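One structure is given below, encoded as structure tokens.
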Amino acid sequence: MIQDWKLVSNIAKWLITGTIPLASEISSGAFLWCIEKALKSGLKIALDLNWRPTFWRKKASKLLAPTFDEKNKINFILKNASLIKLAKEEAEWFFDSSNPRDISLALAQRPSVIVTDGPNPVAWFLNNIYGNSNAIFQSSIIDTTGAGDAFTAGIIYKLLSIDLAEVNEKKAQDIIRFAVACGSYVCQGVGAINPQPYREDIDELLTLSNGGMS
């Protein structure tokens, strides 16, 4: 396993993760081991916060916001991430703010932060550059399942070809626009898997959109 990790760390740039593995004691140990190895190997951590209280609690609860203890378990990842993607309500629960610049400044490592809000504009702070972008490319939405995952995948896909430290305003807008196209494409189909796009699908959607983002 150690040899396999060394091979991965030699070719990988990012470790993409969520927070659900932290909810279980068994998976949490393996998860934190991966985080530790990634950081020691120079990999960047991209975190989709993806707060789902049902995975954290043994009994049904009407409380949607994370408790103090739940926040503490997640804070370790937040403090080591280079890129954090989260929904507006998650931002407010964990940081008391939905402003990505404020969230970034609240963390010592000053990560890039992207805050989504359903069909409302995406607020982003990439490499110390702040902006807002429209969140959808088409009006006909069939099913939003999987759109967030596709959005995150689009972000990482673009960041594989450019270092985060090299992102300027134009490149930041291009990254977000591409990610929004990925999420929008998935909304045109049913379910989380079947509508996932190929690169040519996104290129076509971007062309048809005629720059449909601010």
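Values in this text are rule-based calculations from the coordinates and carry no lab data. Source: prediction; values computed, not measured. FYI the Cβ positions are ideal-geometry reconstructions off the backbone, even for glycines, and counts take in every protein chain you see.
Evaluation of Ala30 against the conditions (1) farther than 21 Å from Asp149 by Cβ; (2) surrounded by 12 or more Cβ atoms within 10 Å (Cβ to Cβ); (3) more than 20 Å from the chain's Cα centre (by Cα); (4) among the small types (Gly, Ala, Ser) shows that the sole unmet condition is (2). Considered as a group, the residues in the range 68-105 that are outside any helix (DSSP H, G or I) and in contact (Cβ under 8 Å) with a residue 40 or more places away in the chain include one that is surrounded by the most Cβ atoms within 10 Å (Cβ to Cβ), and that residue is Lys85. Selection of first residues in the range 142-157 that are under 14 Å from Asp117 (Cα atoms) and of second residues that are part of a helix (DSSP H, G or I) and of a type in the set (A, V, I, L, M), restricted to Cβ pairs under 7 Å at least 6 apart or on distinct chains, gives the following pairs, ordered by first then second residue: Ala147/Val186; Phe151/Ala179; Phe151/Val180.
Could you look through the range 106-120, keep only residues that are of a type in the set (A, V, I, L, M, F, W, C) and surrounded by fewer than 23 Cβ atoms within 10 Å (Cβ to Cβ), and pick out the one that is farthest from Gly131 (Cα to Cα)?
Taking the candidates together, the pick is Ala108.
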